[in-house]
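S.K.: What follows is a single structure, and I will ask about it in a moment.
A short reminder: the numbers here are calculations on the coordinates, not readings from a lab. Being a predicted model, the structure only gives us computed values, none of them experimental. Quick reminder, even Gly has a Cβ in these numbers, built from the backbone with ideal geometry, and neighbours come from all protein chains shown.
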Amino acid sequence: MSDLLHAQAARLPAAAITDRALDRMPAILADLRALVECESPSSDPASLERCARVLSEVISRRLASAPDRTSDALGAPVVTWRGGRGGTALLVGHFDTVWPLGTLERVPFAVREGTVRGPGCFDMKAGLVIAVHALALLAELRGRAALDGMTLLANSDEELGSPGSRGLVESHATHSGAVLVFEGGGSAAEVTTARKGLANYRVVVTGRAAHAGVDPQRGVNAVAAASRFLLAALELAAPDRGTTVTPTLMSGGSSRNTVPARAEIAIDVRAEEQGEQDRVHDALLALAAAPAVDDARIEVAGAPHRPVMAPEASAALFALVREEADALGLPAVGSRATGGGSDANLTAALGVPSIDGLGAIGDGAHADDEHVLVDGLAHRVALVTAVLDRLAASGPDALHTSDRPNTQGEKP
Ligand SMILES: [Zn+2]
């Protein structure tokens, strides 16, 4: 980490941060409840609009100034709040969830036995609440001017891979010294320091229909061609390098006595190294160009859309997070790498120092046991407040190394 971070203004007293974070708990839980009780599946524009309004109200109330409500390139709502001119830290979260409308009836918002339940509580409405309250606490302790360099951006298409908001996230990130992403952390309070890159492919195989009994030789079997393609695609995985190739959907054929004229496969590819994403991409295209069944046609659509978040991108911020957790007397913060993608992949690939998993401590993203640990909420608010304070004191360039790698960008 840069010495600059050590050279700046004195730390806030640990007790001042942790006590006031605890004082905020009723408000934190009230805000979390308001957000969770406004269901917001990624695919439902009206729900997303409602949730954007609720989030805007939370921000206005806690930060004493209203955010901008805009739309991304595909029309999904985005909420952006600026503390001033920005440039020091970009705080990123999303308010869409994977849960369909009506999930709340089955899993209502509840605070019980030390956990919070409710659809999207962990992924990642609690993360947004933590970000807002950390900013509010920083203003409370240091004065409003401390927020000058801070920007908060919340999109609503992250669970779809941020197809519309990617440009916004990237342009804000390039103007920031650091990016903090508030996806849920590990159940033992780990933050996320590395994420695999992700690509999704849709493979459409076209053959020719014929009667399976009368003249099968006239047909071109799309299901057979798709199966051969799939087996070859599986060979592209390199588990020792962290590269996975997973067929996730498959369909084909039209009736039980017709040579199938069409088949379709979905393939999920994840990699720890950027070069591996490119290798698998090129190999899939090469396989499509040479179908194993004569006269079949194979089209592959898709490309890497989440670049690799390498651990180097988060190293300086992770050191800062650990240092601040220690100074606050919180349990040591560990790190974890995951195959799941997030907007941190996008910002890290731009060479902007980025760290993820600063949101709720808990577990069960996208699963029925999704939950947030209540005690972790105040811990995270305190920790993020301290980290933001250090970043604010040292300015936007404190974490930047001289050579910001930019190996991505051109490829979607
Ligand atoms: Zn998420």
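S.K.: Show me 83-96, 317-330, 342-355 ranked by packing, highest mean number of other Cβ atoms within 10 Å first.
M.R.: The packing order, highest mean first, is 342-355, 83-96, 317-330.
S.K.: At q = 0.09, 0.10, 0.13 Å⁻¹, what is the log10 ratio I(q)/I(0) for the chain, with the Debye formula run over Cα points and no solvent?
M.R.: Results for the chain at q = 0.09, 0.10, 0.13 Å⁻¹ read -0.57, -0.69, -1.04.
S.K.: Moving on to the next point. Ranking request for peptides 153-164, 50-61: highest mean number of other beta-carbon atoms within 10 Å first, then the rest in descending order.
M.R.: Listed from highest to lowest mean packing, they are 153-164, 50-61.
S.K.: Follow-up. Can you give the relative contact order of the stretch 110-184 as a percent, counting alpha carbon pairs under 8 Å and 6+ residues apart? Can you show the working numbers first?
M.R.: On the way: 33 pairs, mean separation 27.0, N = 75.
Once normalised by length, the contact order is 36 percent.
S.K.: How large is ³J(HN,Hα) for each residue in the stretch 358-371, as worked out from phi by the Karplus curve 6.51 cos²θ - 1.76 cosθ + 1.60 (θ = phi - 60°), to whole Hz, x for Gly and Pro?
M.R.: 7, x, 4, 8, x, 6, x, 4, 6, 10, 5, 9, 3, 7
S.K.: Ranked highest first by the average count of other Cβ atoms within 10 Å around their residues, in what order do 109-120, 248-259, 281-292 fall? Numbers along the way, then the final one.
M.R.: On the way: 109-120: 18.5, 248-259: 13.2, 281-292: 15.5.
So the order, starting with the most tightly packed, is 109-120, 281-292, 248-259.
S.K.: Eigenvalues of the Cα gyration tensor times 5, then square-rooted: what semi-axes does that give for the stretch 187-301, in whole angstrom, largest first?
M.R.: 35, 14, 9
S.K.: A further question on this structure: Amide H to amide H, which residues 5 or more places from Ala398 or on other chains are under 5 Å from it, using H placed in the peptide plane?
M.R.: Amide H neighbours of Ala398: none.
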